[in-house]
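Below: the structure, in structure tokens.
The values are calculated or read from the model by the stated rules, or taken from the named source; none is laboratory data. Keep in mind the model is a prediction, meaning the values are calculated, not measured. No Cβ is skipped: glycine too gets one built from the backbone with ideal geometry, and neighbour counts run over all protein chains shown.
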Amino acid sequence: MCCNVTLILFADKDECSKENGGCQHECINTIGSYVCQCRNGFVLHENKHDCKEAECEHRIHSPHGVITSPNWPDKYPSRKECTWEISATPGHRVKLRFGEFEIEQHQECAYDHLEVFDGETEKSSILGRLCGNKIPEPLVATGNEMFLRFVSDASVQRKGFQATHSTECGGRLKPEPKPRDLFSHAQFGDNIYPVQADCEWLLVTERGLRIELDFPTFEVEEEADCGYDYMDLFDGYDTSAMRLGRFCGSGPPEEIISSGDSILILFHTDDTIGKKGFHIRYTSVKYQDILLTK
Ligand SMILES: [Ca+2]
Ligand SMILES: [Ca+2]
């Protein structure tokens, strides 16, 4: 009686025994072959033998998700720099909420730290420079972009962080001569707008200019008095200004122009039935230009 298994084992050669099989990190022998494997924080090179550092520049375009320090849930590596560029839907502020947080403690966070910036690059104003063991308060950007940079130095590593990014509707927006977009909800186009939303956008342009709004898409639950879901427009900074209208159904029939340098947009939805929502394009305009084109 012969045994095939014994024959196969006999035939197998341990490639890893000689020069680690040519693997840069770990070599794992398998029956008839072998594979190379990389340590945490590294991925296998296309040549299947070398290891390269795992990608650490993240570009995120989803309305919500989870981000973690490199190597999570194990300790972050030393001498590592990672960035996250988060951009959400225009008209929606990026919000970051920490679930776990453990970064080498220092009074000024001079060693390892996570920096959070209020915009698309590290040139934007800083929302926080974080380290230590206390879970930081949630951070909210003023616009739809947030930039994060994590840096670790040569010694002492900790577990790192885990955080959830999401969005909050509303904020202060600055109209420019070039049209900008504003969407009713962060998942515009993929989903109907959520129930029980209350959003407030304040558009403020330069003194002396006016704001023009147009509505490439407008689909809000219809009701004779717009009593369910609606968009309110005010011709100023707050609700004490003149109301330009309350809109639902297919929205304003044409573009709307402010009499001053600001417009307040409110969006309210009740607890049932959502629709596609709206896409507003806003532009700063000179009054003389409006007169010329009308
Ligand atoms: Ca350190
Ligand atoms: Ca509704």
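Computed values, structure above
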item	result
Some residue of region 201-211 being in a loop (DSSP other than H, G, I, E, B) and under 28 Å from residue 64 (Cα atoms)	no
Residue match in region 101-110 (condition: on the phi < 0 side of the Ramachandran plot, more than 16 Å from ligand 1 (Cβ to nearest atom) and among the aliphatic types (A, V, I, L, M))	no
Filter pass, residue 120 being of a type in the set (Asp, Glu) and either out of contact with any strand residue (DSSP E or B) (no Cβ under 6 Å at 6 or more places or on another chain) or in a strand (DSSP E or B) (or both)	no
Enumeration of residues in region 94-117 that are touching a Gly at 6+ places or on another chain (Cβ under 7 Å) and in a loop (DSSP other than H, G, I, E, B)	105
Test: residue in region 94-110 that is closer than 19 Å to residue 171 by Cβ and β-branched (Val, Ile, Thr)	yes
Residue match in region 235-243 (condition: at pLDDT below 95, surrounded by fewer than 17 Cβ atoms within 10 Å (Cβ to Cβ) and not in a strand (DSSP E or B))	no
Neighbours by Cβ (under 7 Å, 6+ apart or cross-chain): first from region 247-274, closer than 20 Å to residue 209 by Cα; second of a type outside the set (Asp, Glu) and within 16 Å of ligand 2 (Cβ to nearest atom)	265/231
Residue in region 161-175 that is charged (D, E, K, R) and in a loop (DSSP other than H, G, I, E, B) present	yes
Subset tally (residues that are within 25 Å of residue 139 (Cα to Cα), among the acidic types (Asp, Glu) and in contact with a Ser or Thr (Cβ under 9 Å, 6 or more places away or on another chain)) for region 152-197	2
Selected residue (only one of 283, 272 is of a type in the set (Val, Ile, Thr), outside any strand (DSSP E or B) and at pLDDT 95 or above)	272
Matching residues in region 248-276 - criterion: being away from ligand 2 (no atom under 14 Å from the Cβ), surrounded by fewer than 20 Cβ atoms within 10 Å (Cβ to Cβ) and under 9 Å from residue 231 (Cβ atoms)	251, 252, 266
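Residue-wise test of (1) touching a Phe, Trp or Tyr at 6+ places or on another chain (Cβ under 7 Å); (2) more than 22 Å from residue 170 (Cβ to Cβ).
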{"position": "224", "(1), (2)": "no, yes"}
{"position": "266", "(1), (2)": "no, no"}
{"position": "271", "(1), (2)": "no, no"}
{"position": "274", "(1), (2)": "yes, no"}
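Yes or no, residue by residue, for (1) under 22 Å from the mean Cα position of the chain (by Cα); (2) more than 21 Å from residue 95 (Cα to Cα):
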{"position": "134", "(1), (2)": "no, no"}
{"position": "144", "(1), (2)": "yes, no"}
{"position": "147", "(1), (2)": "yes, no"}
{"position": "156", "(1), (2)": "no, yes"}
{"position": "169", "(1), (2)": "yes, no"}
{"position": "174", "(1), (2)": "yes, no"}
{"position": "177", "(1), (2)": "no, yes"}
{"position": "182", "(1), (2)": "yes, no"}
